[in-house]
1. If a residue must be modelled with pLDDT under 95 and outside any loop (DSSP other than H, G, I, E, B), how many such residues does region 146-161 contain?
2. Given the criteria more than 16 Å from ligand 1 (Cβ to nearest atom), surrounded by 17 or more Cβ atoms within 10 Å (Cβ to Cβ) and either touching a residue at least 24 places away in the same chain (Cβ under 8 Å) or outside any helix (DSSP H, G or I) (or both), does residue 94 qualify?
3. Output the number of residues of region 97-108 satisfying the condition of being in a helix (DSSP H, G or I) and either more than 11 Å from ligand 2 (Cβ to nearest atom) or under 16 Å from residue 155 (Cβ atoms) (or both).
4. Select, from 23, 14, 32, 55, the only residue that is away from ligand 2 (no atom under 16 Å from the Cβ), under 16 Å from residue 121 (Cβ atoms) and either modelled with pLDDT of 95 or more or surrounded by fewer than 19 Cβ atoms within 10 Å (Cβ to Cβ) (or both).
5. Could you list, in sequence order, all residues of region 102-119 that are surrounded by 15 or more Cβ atoms within 10 Å (Cβ to Cβ) and away from ligand 1 (no atom under 15 Å from the Cβ)?
6. Could you go through region 129-138 and let me know if any residue there is in contact (Cβ under 8 Å) with a residue 40 or more places away in the chain and within 19 Å of residue 24 (Cα to Cα).
7. With 3, 45 as the choices, which residue is more than 16 Å from ligand 2 (Cβ to nearest atom), within 23 Å of residue 160 (Cβ to Cβ) and in contact (Cβ under 8 Å) with a residue 40 or more places away in the chain?
8. Can you say whether residue 124 is surrounded by 18 or more Cβ atoms within 10 Å (Cβ to Cβ) and at pLDDT below 95, as far as the supplied structure shows?
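The values are calculated or read from the model by the stated rules, or taken from the named source; none is laboratory data. Only a predicted model underlies this, so the values are computations on that prediction, with no experimental measurement involved. Using ideal geometry, Cβ is built from the backbone for each residue, glycine included, and neighbour counts are taken over all protein chains shown.
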Ligand code: IMP
Ligand code: MG
């Protein structure tokens, strides 16, 4: 087992995601102008379940962001396909969907880019918030749950691109931590 401990099993995740989808559905006024922007790769599984549970169709775009190397944030966030999405976000009411609020660097970088790209409004939606002093403070409009500061895998969360497909979210067992992560390649 790659987990040393399960933090949220698939039923618990489902309950959280159902509650979040209801909160989002009742908070969005102009559904036609709303664009879900999903931060890849981590939020892929979460966003699929969350958006499918909404009681209205929502236009969706995906943006790749990466900052993690091994089990640590590199401190730099790259958005390699931001340029191609610039026109898509202009004037839209953005629902920004991400997996984890950890240092806050990814979310704050995304928010800065969306503001510069003249999004009409932005709401943030995050499954997990790590209870750590965030480097950048970000307002989370829709939060799944808070969690301790441990490195997690499963339900989209990876360690060097492994374990995303696992159904539960759990702590990565220490013997699975790779000592030689791939070089950071922005
Ligand atoms: P931040 O920029 O430090 O807030 O981190 C945000 C991104 O790092 C998240 O969107 C995740 O993709 C990734 N991340 C943070 N913590 C973990 C973890 O425990 N497991 C896997 N990925 C993580
Ligand atoms: Mg991410």
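1. So the count comes out to 1.
2. Details: more than 16 Å from ligand 1 (Cβ to nearest atom): yes; surrounded by 17 or more Cβ atoms within 10 Å (Cβ to Cβ): yes; either touching a residue at least 24 places away in the same chain (Cβ under 8 Å) or outside any helix (DSSP H, G or I) (or both): yes.
Considered against the rule, which asks whether it is more than 16 Å from ligand 1 (Cβ to nearest atom), surrounded by 17 or more Cβ atoms within 10 Å (Cβ to Cβ) and either touching a residue at least 24 places away in the same chain (Cβ under 8 Å) or outside any helix (DSSP H, G or I) (or both), residue 94 comes out as yes.
3. Pass one, region 97-108, residues in a helix (DSSP H, G or I): 105-108.
Now drop any that are not either more than 11 Å from ligand 2 (Cβ to nearest atom) or under 16 Å from residue 155 (Cβ atoms) (or both), which leaves 108.
Within region 97-108, residues that are in a helix (DSSP H, G or I) and either more than 11 Å from ligand 2 (Cβ to nearest atom) or under 16 Å from residue 155 (Cβ atoms) (or both) number 1.
4. Working: 23 fails: under 16 Å from residue 121 (Cβ atoms); 14 fails: under 16 Å from residue 121 (Cβ atoms); 55 fails: under 16 Å from residue 121 (Cβ atoms).
So the residue among 23, 14, 32, 55 that is away from ligand 2 (no atom under 16 Å from the Cβ), under 16 Å from residue 121 (Cβ atoms) and either modelled with pLDDT of 95 or more or surrounded by fewer than 19 Cβ atoms within 10 Å (Cβ to Cβ) (or both) is 32.
5. Pass one, region 102-119, residues surrounded by 15 or more Cβ atoms within 10 Å (Cβ to Cβ): 102-111, 113-114, 117, 119.
Correct list: 114, 117, 119.
6. Among the residues of region 129-138, not one is in contact (Cβ under 8 Å) with a residue 40 or more places away in the chain and within 19 Å of residue 24 (Cα to Cα), which makes the answer no.
7. Values: 45 fails: more than 16 Å from ligand 2 (Cβ to nearest atom).
The conditions single out 3.
8. Values: surrounded by 18 or more Cβ atoms within 10 Å (Cβ to Cβ): yes; at pLDDT below 95: no.
No, not satisfied.
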